[in-house]
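**Student:** Before anything else, here's the structure in question.
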Amino acid sequence: QVQLVESGGGLVQAGESLRLSCAASGTIFRLNVMGWYRQAPGKQRELVAAITSGGSTNYADSVKGRFTISRDNAKNTAYLQMNSLKPEDTALYYCAYYSGITTPPGGPRYWGQGTQVTVSS
């Protein structure tokens, strides 16, 4: 069992920055992936960024060059630095975790509670 606790969401103006944090606890396997997904009202949940325990990263095209995912393996914590935020970034952001290096069928098994990011124009 894995528990994920997210923090860092808020309301900001376009062009500003936020940093999200996700602390994982429980049975953490050495090889794993932590990622951030987001879901806006009426939209499908989408992958924003993911990072493996080895440091490999993937980003959605819409956030490349603006967002940076990182992690502290000693703390089992993942971060999402969001710069140059746009109104279209507004969504509920979820942290996710899975062991291994490939997204399991059906998506990640463990999710955080979500943290709201709202970007005004």
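**Student:** Only Cα pairs within less than 10 Å get springs; with that Gaussian network setup on the chain, which residue of 63, 48, 33 has the largest fluctuation?
**Tutor:** 63
**Student:** Which one, 99, 25, 70, has the greatest fluctuation when you compute a Gaussian network model over the chain with C-alpha springs under 10 angstrom?
**Tutor:** Highest fluctuation among the options: 25.
**Student:** Show the residues, 5+ positions off or on another chain, whose built amide H is closer than 5 Å to the amide H of residue 90.
**Tutor:** 119
**Student:** Return the long-range amide H neighbours of residue 114 (sequence gap of 5 or more, or a different chain), with a cut-off of under 5 Å between placed amide H atoms.
**Tutor:** Hits under the 5 Å cutoff: 6, 95.
**Student:** Considering the dipole of the chain built from charges on the beta carbon (Lys and Arg +1, Asp and Glu -1) around the Cα centre, which of 87, 34, 102 is farthest to its positive end?
**Tutor:** Sorting the options by dipole projection puts first 102.
**Student:** Further, regarding this structure: Just how large is the dipole of segment 48-121 about the Cα centre, in debye to the nearest 20, putting +1 at every Lys and Arg Cβ and -1 at every Asp and Glu Cβ?
**Tutor:** Here segment 48-121 has a charge dipole of around 120 debye.
**Student:** Turning to a different aspect of this structure: Where the centroid of each part is defined by its Cα atoms, how far is segment 48-64 from segment 80-117 in Å?
**Tutor:** 10 Å
**Student:** Another question, if that's okay. Work out, step by step, the length gained on full extension between residue 11 and residue 46: first 0.36 nm times the residue separation, then minus their alpha carbon distance; give nm to one decimal.
**Tutor:** 10.6 nm
**Student:** Still on this structure, please answer the following. Residues in segment 29-73 near a label at residue 83, defined as backbone nitrogen under 20 Å from the 7 Å Cα→Cβ point?
**Tutor:** Counting only backbone N, you get 36, 48-51, 56-72.
**Student:** Counting only protein heavy atoms, what percent of the accessible surface of segment 31-120 is carbon or sulfur at a 1.4 Å probe?
**Tutor:** Carbon and sulfur: 49 percent of the exposed surface of segment 31-120.
**Student:** Moving on. Mind checking the per residue accessible area of the chain for me, 1.4 Å probe, whole number of Å²? Write out the running numbers ahead of the final one.
**Tutor:** Working: 6450 Å² over 121 residues.
Heavy-atom accessible area per residue stands at 53 Å².
**Student:** Name the residue, out of 47, 31, 20, whose mean-square fluctuation peaks in a Gaussian network model built on the chain with Cα pairs under 10 Å.
**Tutor:** 31
The values are calculated or read from the model by the stated rules, or taken from the named source; none is laboratory data. From a predicted model like this one, the values you see are computed outputs, not experimental measurements. Here Cβ is always computed from backbone atoms with ideal geometry, including for glycine, and neighbour counts include all displayed protein chains. Calculation scope for accessible area: heavy atoms of the full protein, side chains included, ligands and nucleic acids excluded. Shrake-Rupley method; radii C 1.70, N 1.55, O 1.52, S 1.80 Å.
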